[in-house]
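Input: one structure, supplied below.
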Amino acid sequence: MIRWKRLFPLFLGAACSVFLAGCHGSRETEAFQPPETFDETKTYEITFWAKNDTNKRQTDIYKKAIEDFQALYPNITVNLRLYTDYGKIYNDVITNISTGTTPNVCITYPDHIATYLTGDNVVVPLDALSEDPEFGLGGSRLKFDGPGKEDLIPEFLKECTVNGRTYAMPFMRSTEACYINKTYVEKLGYTLPETLTWDFIWEVSEAAAKKDENGVYKINGQKVMIPFIYKSTDNMMIQMLRQKGAGYSTPSGEIQLFNDTTRELLSSIAGHAGTGAFSTFKISSYPANFLNAGQCVFAIDSTAGATWMGAGAPLSDIAEDARVDFETEIMPIPQFDPEHPQMISQGPSVCIFNKEDPGEVMASWLFTQYLLTNQVQTAYARTEGYVPVTSMAQDSAEYQDYLSRAGEDDDDFYKIKIQASMLLLSNTGNTFVTPVFNGSASLRDAAGQLIESVTKSVRRKETVDDAYMDHLFDDVASLYHLDEVKAQTSGKTDLGPLPWTARVLVGGLILSWVLILLWAFRDILKKRTQNH
């Protein structure tokens with residue numbers, strides 16, 4: 001005889017399981033347990049997804065690193081897949097998570113890792129692996145001279161922490177810099193200060209935007225001049241807010257971007273965009289192209305792009321006859337408070353994806369550590385204005401010799417490139433990173449979109465006032481689903497209401513079980529009637 005008391009727990013458990021499955025938020029990743037040893041008689045094939053800046057030297061360094069690593073570990077084959085954009089790596093990883101075909105090792109950013117972590121045990125936490133005395137950082141059984149944990153620059157390693165766990169190893173680090181046509185600044189009657197300020201940038205840019213009666217810019221005698229161009233407007237907004245002490249987000253994921261300081265900053269930017277003194281990469285094109293053609297005074301871009309910037313830039317993208325000779329200066333980004341400079345720290349990190357075979361994960365971990373060796377770190381840092389992420393590499397005789405030879409040529413020892421590296425080395429203590437959580441990548445995009453939108457609007461002669469700002473904030477929050485991000489991160493237990501699809505599913509399941517119970521109860525009554 002079927003009894004309803006037996007059926008009810010089944011019904012309740014099934015309904016609860018659907019409710020739990022419908023809740024959304026980051027998953028807790030299980031700690032990877034290193035095997036007692038690494039079996040070198042077994043062969044492993046791992047994939048490495050990397051990014052290069054269309055710089056053949058970087059590709060050659062990856063290939064050389066793989067070749068040297070495989071010579072040490074003949075049982076491990078590393079297959080390289082190159083991308084030219086971090087966004088494409090991110091999109092491909094997201095796609096492959098659903099099919100269980102993620103790479104083994106991947107160049108990425110912490111904001112992206114936070115999204116990967118919403119999958120089920122996708123990314124390997126590296127804390128236990130790092131501490132392993134034999135195969136961890138500086139481990140006794142490594143076949144190469146890898147860095148110990150104490151050799152990793154603390155500020156750079158901290159960037160790889162998500163929810164209190166280490167999910168990546170830093171690979172290279174950069175910051176942003178202001179590349180300046182010093183010749184034009186002085187021609188306008190100004191002298192570069194010891195520390196750039198936003199007031200100075202705006203004042204000089206407005207002066208450079210003046211035209212004569214024929215519509216020709218006075219500063220360069222051309223019909224094209226954008227005095228100030230910013231490559232990454234997301235970084236622009238983030239750094240401005242940080243320097244102002246205004247909100248952006250909290251470590252728990254609370255969105256604070258849409259505040260009064262943001263309104264003030266956007267109004268100021270809109271005013272300078274309206275005079276033609278300011279534009280962005282997305283609107284106008286690469287800052288380096290305008291700078292090198294004498295059509296820009298201040299170009300802010302990553303130190304990792306230094307070989308494209310300046311009169312003698314070895315990787316300039318414009319025609320040789322379009323280039324203008326001028327004195328190039330590189331300085332930290334402008335500040336609101338010169339006494340307390342703040343700039344963003346950025347750059348690629350390396351994460352490892354979980355696999356069924358622990359040995360395969362160990363092979364990935366060994367290769368990841370090899371990327372931190374001096375020979376890889378110093379070679380890659382020489383390709384751009386990156387800096388190595390270990391004190392071992394930074395203090396090595398080879399790297400110090402490289403830094404000392406700035407200006408010997410306009411190729412390997414290109415002055416601006418080496419000065420870009422030295423800029424970060426001398427300001428590491430002034431750098432900061434933004435909180436990482438599921439949705440922080442969308443928040444970053446939203447920060448940049450605010451600047452892009454107001455710049456476009458004033459170019460279209462639209463009115464940028466309080467009503468405009470209200471509408472802009474609502475539109476951007478909706479575009480990047482920031483209301484959903486806030487709901488997901490507002491608390492560990494309150495994850496917000498279920499989506500309507502989940503509610504329909506739960507309702508259907510409950511109805512099904514109610515019908516089953518009614519049918520069972522009907523059957524019980526029928527049998528009792530027959531027995532009587």
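Give the residues of segment 386-419 that are surrounded by 17 or more Cβ atoms within 10 Å (Cβ to Cβ) and within 16 Å of Phe156 (Cα to Cα), sorted by residue number.
Tyr386, Val387, Pro388, Val389, Thr390, Met392, Ala393, Gln394
Of the residues Gly385, Gly439, only one is in the same structural domain as Val123 (by TED's automatic domain parsing) and not hydroxyl-bearing (Ser, Thr, Tyr); which?
So the residue among Gly385, Gly439 that is in the same structural domain as Val123 (by TED's automatic domain parsing) and not hydroxyl-bearing (Ser, Thr, Tyr) is Gly385.
With respect to the numbered conditions (1) at pLDDT below 95; (2) within 26 Å of the chain's Cα centre (by Cα), which one is the sole condition not fulfilled by Ala319?
That leaves (2) as the condition not met.
Inspect all residues belonging to segment 104-114 and state whether any of them is more than 14 Å from Asn354 (Cα to Cα), surrounded by fewer than 20 Cβ atoms within 10 Å (Cβ to Cβ), touching a strand residue (DSSP E or B) at 6+ places or on another chain (Cβ under 8 Å) and in the same structural domain as Ala381 (by TED's automatic domain parsing).
No.
Let me ask another. So for segment 193-203 (the condition being more than 24 Å from Thr373 (Cβ to Cβ), of a type in the set (Val, Ile, Thr), under 29 Å from the mean Cα position of the chain (by Cα) and not in a loop (DSSP other than H, G, I, E, B)), does at least one residue qualify? Step through it out loud before you land on a result.
Filtering segment 193-203 down to residues more than 24 Å from Thr373 (Cβ to Cβ) leaves 193-203.
Subsequent filtering for residues that are of a type in the set (Val, Ile, Thr) retains 195, 197, 201.
Keeping just the survivors that are under 29 Å from the mean Cα position of the chain (by Cα) gives 195, 197, 201.
Still in the list and also not in a loop (DSSP other than H, G, I, E, B): 197, 201.
Checking segment 193-203: at least one residue is more than 24 Å from Thr373 (Cβ to Cβ), of a type in the set (Val, Ile, Thr), under 29 Å from the mean Cα position of the chain (by Cα) and not in a loop (DSSP other than H, G, I, E, B).
Out of the residues in segment 150-180 that are farther than 19 Å from Thr431 by Cβ and modelled with pLDDT under 95, state the one that is surrounded by the fewest Cβ atoms within 10 Å (Cβ to Cβ). First the steps, then the outcome.
Within segment 150-180, the subset farther than 19 Å from Thr431 by Cβ is 150, 163-165, 167, 180.
Narrowing the set further to residues that are modelled with pLDDT under 95 leaves 163-165.
Numbers: Asn163: 15, Gly164: 7, Arg165: 16.
Going through the qualifying residues, I end up with Gly164.
Right, another one. Quick test for you: out of Gly347, Gly359, Gly310, Gly274, pick the one residue that is surrounded by fewer than 23 Cβ atoms within 10 Å (Cβ to Cβ), in contact with a helix residue (DSSP H, G or I) (Cβ under 6 Å, 6 or more places away or on another chain) and either basic (Lys, Arg) or in contact (Cβ under 8 Å) with a residue 40 or more places away in the chain (or both).
Values: Gly347 fails: in contact with a helix residue (DSSP H, G or I) (Cβ under 6 Å, 6 or more places away or on another chain); Gly359 fails: in contact with a helix residue (DSSP H, G or I) (Cβ under 6 Å, 6 or more places away or on another chain); Gly310 fails: surrounded by fewer than 23 Cβ atoms within 10 Å (Cβ to Cβ).
That would be Gly274, the only listed residue that is surrounded by fewer than 23 Cβ atoms within 10 Å (Cβ to Cβ), in contact with a helix residue (DSSP H, G or I) (Cβ under 6 Å, 6 or more places away or on another chain) and either basic (Lys, Arg) or in contact (Cβ under 8 Å) with a residue 40 or more places away in the chain (or both).
Among the residues of segment 432-457, which ones are of a type in the set (Val, Ile, Thr) and either surrounded by 20 or more Cβ atoms within 10 Å (Cβ to Cβ) or at positive phi (or both)?
Selection gives Thr434, Val436, Ile451, Val454, Thr455.
Go through (1) under 27 Å from the mean Cα position of the chain (by Cα); (2) not in a strand (DSSP E or B) and name the single condition Asn214 misses.
For Asn214, the failing item is (1).
Looking for something under 22 Å from the mean Cα position of the chain (by Cα) and modelled with pLDDT of 95 or more - is there at least one such residue anywhere in segment 356-363?
No, that holds for no residue.
Being over 20 Å from the mean Cα position of the chain (by Cα), assigned by TED's automatic domain parsing to the domain that holds Ser205 and of a type in the set (S, T, N, Q) narrows it down to one residue among Thr378, Thr373, Thr303, Thr307; which is it? Explain how you work it out, then say what you get.
On the way: Thr378 fails: assigned by TED's automatic domain parsing to the domain that holds Ser205; Thr373 fails: assigned by TED's automatic domain parsing to the domain that holds Ser205; Thr303 fails: over 20 Å from the mean Cα position of the chain (by Cα).
So the residue among Thr378, Thr373, Thr303, Thr307 that is over 20 Å from the mean Cα position of the chain (by Cα), assigned by TED's automatic domain parsing to the domain that holds Ser205 and of a type in the set (S, T, N, Q) is Thr307.
So Asp120 ticks every box in (1) touching a Lys or Arg at 6+ places or on another chain (Cβ under 8 Å); (2) outside any loop (DSSP other than H, G, I, E, B) but one. Which box is left unticked?
(2)
Within segment 77-96, which residues are part of a helix (DSSP H, G or I) and among the β-branched types (Val, Ile, Thr)?
Result: Ile89, Val93, Ile94, Thr95.
Name the pairs whose Cβ atoms lie under 8 Å apart, with the first residue in segment 449-460 and of a type in the set (Gly, Ala, Ser), the second surrounded by 17 or more Cβ atoms within 10 Å (Cβ to Cβ), and 6 or more positions between them or separate chains?
Ser453/Leu472; Ser453/Val476; Ser457/Ala270; Ser457/Val464; Ser457/Tyr468
Oh, and also: Does segment 141-154 contain at least one residue that is in a loop (DSSP other than H, G, I, E, B), over 29 Å from Pro74 (Cβ atoms) and aliphatic (A, V, I, L, M)? Please lay out each step first, then the result.
Let us first name the residues in segment 141-154 that are in a loop (DSSP other than H, G, I, E, B), namely 141-148, 153.
Still in the list and also over 29 Å from Pro74 (Cβ atoms): 153.
Then keep just the ones that are aliphatic (A, V, I, L, M); that gives 153.
Checked segment 141-154: at least one residue is in a loop (DSSP other than H, G, I, E, B), over 29 Å from Pro74 (Cβ atoms) and aliphatic (A, V, I, L, M).
The values are calculated or read from the model by the stated rules, or taken from the named source; none is laboratory data. Note that the structure is a prediction, hence the values are computed from the model and not measured. Using ideal geometry, Cβ is built from the backbone for each residue, glycine included, and neighbour counts are taken over all protein chains shown.
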